[in-house]
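Data first, discussion second: the structure below is written as structure tokens.
The values are calculated or read from the model by the stated rules, or taken from the named source; none is laboratory data. All of these numbers come straight from a predicted model, not from anything done at the bench. Counting neighbours? That spans all protein chains shown, and the Cβs are built from the backbone with ideal geometry, glycine included. Just the protein is used for accessible areas: all its heavy atoms, side chains included, with ligands, DNA and RNA removed. Shrake-Rupley method; radii C 1.70, N 1.55, O 1.52, S 1.80 Å.
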Amino acid sequence: MRLVMNEPVEGMDRPYARRWWALLVLCLSLLIIVMANTALTVAAPDMTQDLGLSSADLQWVIDGYTVPYAALMLLLGAIGDKYSRRGALILGLVVFGGGAVAGSLVDSSTGVIAARAVMGVGAALIMPATLSLLAATFPREERAKAITLWTATAGLAIAAGPLVAGALLEDHGWSSTFLINVPVAALAIVGALVLVPPSRAAHHDRIDHVGGLLSVVWIGSLVYMIIEGPHFGWGVKAVTAAVVAGAGLVAFVVWELRHPRPVVDVRRFAHRRFAGSNLAVALFFLAVFGAFYYLTQHLQFVLGYDALDTGVRMLPLAGAVFVGSALTGYLTPRIGMKITVTAGMVGGTVALALLTQVDAASSYGDLVLPLAILGLAIGLALSPCTDAIMGAFPEAELGVGGAVNDTSLELGGSLGIAILGSVLASSYSAHLSDATAGSELPAGALTTAQDSVGAGYAVAQGIGDKARQLGEQAARAGHAGNAEKAAQLKEQSGQLAQGARRMAEAVGSSFSDAVAHTSLIGAVILGVGTVLVTVLLPRRSGGHPQEVPERVAEEPELTAAATR
């Protein structure tokens, strides 16, 4: 027997009794979306070796997920609002899990990229649904606390991905990292059916399909340009994507301004609190994703930690996110979001500034404080921003509100990896060229080593292997009584062994210097952004721009299991 409750979620005298259990399901769904990217960072070396991936292949393995994820969120968020937010969540989990299973079975770069793209489509359904269901299920007075836990989950996932993937890689291949998501997705599907209340907008006109498709075009083209240009050069593909993104954005804004029921009311960006919150989210994830990108490489390649150890050493970031989230839950209602968000952004800038001190002599101990400060900053700033963004949308558009927040997050993360990743690569290449000037490297070795820090160490290892081979030949020549040849081979072996050590040292010091330089660029970007956000955010927290259209009640669909 099922008891149908006719009151809307937001308007009930008593809030939904199992809302905190529902939040657990939403957080589990969020967890796998974030882990899908962070787990891949530690699995990339094994995947590269097993599949023979080029640097371009690896880049698209990572970003094949990002393009559909970012491009589809606004449209799919609006569809979820109209038809079923819980349905969008469950469908997204099914698609995401299916992509993960496919990714574990394929044996080519094309197959992995395609599987990751399918997972990206699933994530585009899941991500806005988690926030819209959260906002629809919790009364306003509890929503900030629920969003704080949602944000803390994202921080946990940043560190949990490498940790769980590293543990699996101890005994299994890279394909096992795809399967991390499958049991969690299955558990979340069951939890959604049992614990998450159905929800959709009660009064939702026809979807603005033209606006939705234009959003797919301009966001997808923008993300593609962000990926293609910095990594592969500003050729025809990148320039074409830039033109399409620009034209698509203009067409989108014009269409949305004229449409009576736009997919997203772009006038909201004229409100300082809404615009400042979106800018803060984008800038924070630019810094976080960019820093995560190069710090995991530094831990694995320069400091020599394996995948599991790398995951363990990212835990201070996750722990600090929880501390920051607890602090912002206490402080924001008392001192206002402007102060907590500004404090968080200043903290993030300080964390990146501390990373400018990284050099060849730096150990893991030198990274603990910046990681902890960065995590604390995330916890302080992001929950109030997400709450402000969601509060700007009426109930009929909660899915779109979640999609706007998540699009800002994803665009910021894509920019972080693209901009800071490009700075890292060019800085590393330049430093390595200077460090190896005058050395007698084999033909093409320097060019290969400049491609990435992993390639640099591979070149050093190759030189070392050649030195060992010559040493073995020298020993055989000595046993055969050919002392002159043995001496000659031994001398060559010694020279190569010394060259291998110098090459490894040059690669390590060059990458450390590149981390410091990239952190400086990141600190400048986040510092300037902090000033802009501080100017944008009003002193008082009241006055959401959603008050222009009145809040629309949820359709009376909340169901609960009757007692047997």
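Before moving on, here are some points about what is shown:
- Summed over segment 119-143, the residues that are part of a helix (DSSP H, G or I), open to solvent by 10 Å² or more (accessible area, probe 1.4 Å) and farther than 22 Å from Ala102 by Cβ give a count of 3.
- Test: residue in segment 536-553 that is part of a helix (DSSP H, G or I), modelled with pLDDT of 85 or more and not small (Gly, Ala, Ser): yes
- In this entry, Thr447 is excluded by the filter for residues that are assigned to a helix (DSSP H, G or I) and open to solvent by less than 50 Å² (accessible area, probe 1.4 Å).
- Verdict on Ile90 being within 23 Å of Ala192 (Cα to Cα), touching a residue at least 40 places away in the same chain (Cβ under 8 Å), in a helix (DSSP H, G or I) and open to solvent by 20 Å² or more (accessible area, probe 1.4 Å): yes
- Failed condition for Leu441, given (1) open to solvent by less than 60 Å² (accessible area, probe 1.4 Å); (2) farther than 26 Å from Val524 by Cα; (3) part of a helix (DSSP H, G or I): (3)
- Near pairs, Cβ below 7 angstrom, 6+ apart or cross-chain, from segment 38-52 (β-branched (Val, Ile, Thr)) to any residue that is modelled with pLDDT under 80: Thr38/Ile158; Val42/Ala307; Thr48/Leu58
- Filter result for Thr436 (open to solvent by less than 10 Å² (accessible area, probe 1.4 Å) and of a type in the set (Val, Ile, Thr)): no
Every residue, every condition in (1) hydroxyl-bearing (Ser, Thr, Tyr); (2) in contact with a Gly (Cβ under 8 Å, 6 or more places away or on another chain); (3) modelled with pLDDT under 90, yes or no:
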{"position": "Ser55", "(1), (2), (3)": "yes, no, yes"}
{"position": "Trp60", "(1), (2), (3)": "no, no, yes"}
{"position": "Asp63", "(1), (2), (3)": "no, no, yes"}
{"position": "Leu75", "(1), (2), (3)": "no, yes, no"}
{"position": "Ala88", "(1), (2), (3)": "no, yes, no"}
{"position": "Val94", "(1), (2), (3)": "no, yes, no"}
{"position": "Gly98", "(1), (2), (3)": "no, yes, no"}
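- Screening segment 494-537 for residues that are open to solvent by 50 Å² or more (accessible area, probe 1.4 Å) and among the polar types (S, T, N, Q) and picking the one that is nearest to Ile389 (Cα to Cα) gives Gln498.
- All positions within segment 159-176 that are assigned to a helix (DSSP H, G or I), open to solvent by 10 Å² or more (accessible area, probe 1.4 Å) and in contact (Cβ under 8 Å) with a residue 24 or more places away in the chain: Ala160, Leu163, Val164, Ala167, Leu169, Ser176
- Segment 52-87 - residue that is among the small types (Gly, Ala, Ser), assigned to a helix (DSSP H, G or I) and open to solvent by 10 Å² or more (accessible area, probe 1.4 Å) and, of those, nearest to Gly402 (Cα to Cα): Gly87
- Leu374, sole failed condition from (1) within 21 Å of the chain's Cα centre (by Cα); (2) open to solvent by 30 Å² or more (accessible area, probe 1.4 Å); (3) at pLDDT 90 or above: (2)
- Among the residues of segment 100-145, those that are of a type in the set (D, E, K, R) and over 13 Å from Tyr65 (Cα atoms) comprise Asp107, Arg140, Glu141, Glu142, Arg143, Lys145.
- Subset of segment 377-403 [in a helix (DSSP H, G or I), open to solvent by less than 10 Å² (accessible area, probe 1.4 Å) and farther than 24 Å from Leu352 by Cα]: Ala388, Ile389, Met390, Gly391, Glu395, Ala396, Leu398, Gly399, Val400, Gly401, Gly402, Ala403
- Residues in segment 453-467 that are farther than 14 Å from Gly304 by Cβ, open to solvent by 40 Å² or more (accessible area, probe 1.4 Å) and in contact (Cβ under 8 Å) with a residue 24 or more places away in the chain: 1 in all.
- Top-ranked residue in segment 305-334 [being assigned to a helix (DSSP H, G or I) and among the hydroxyl-bearing types (Ser, Thr, Tyr); ranked as surrounded by the fewest Cβ atoms within 10 Å (Cβ to Cβ)]: Tyr330
- Any hit, segment 163-182, residues being among the β-branched types (Val, Ile, Thr) and more than 18 Å from the chain's Cα centre (by Cα): yes
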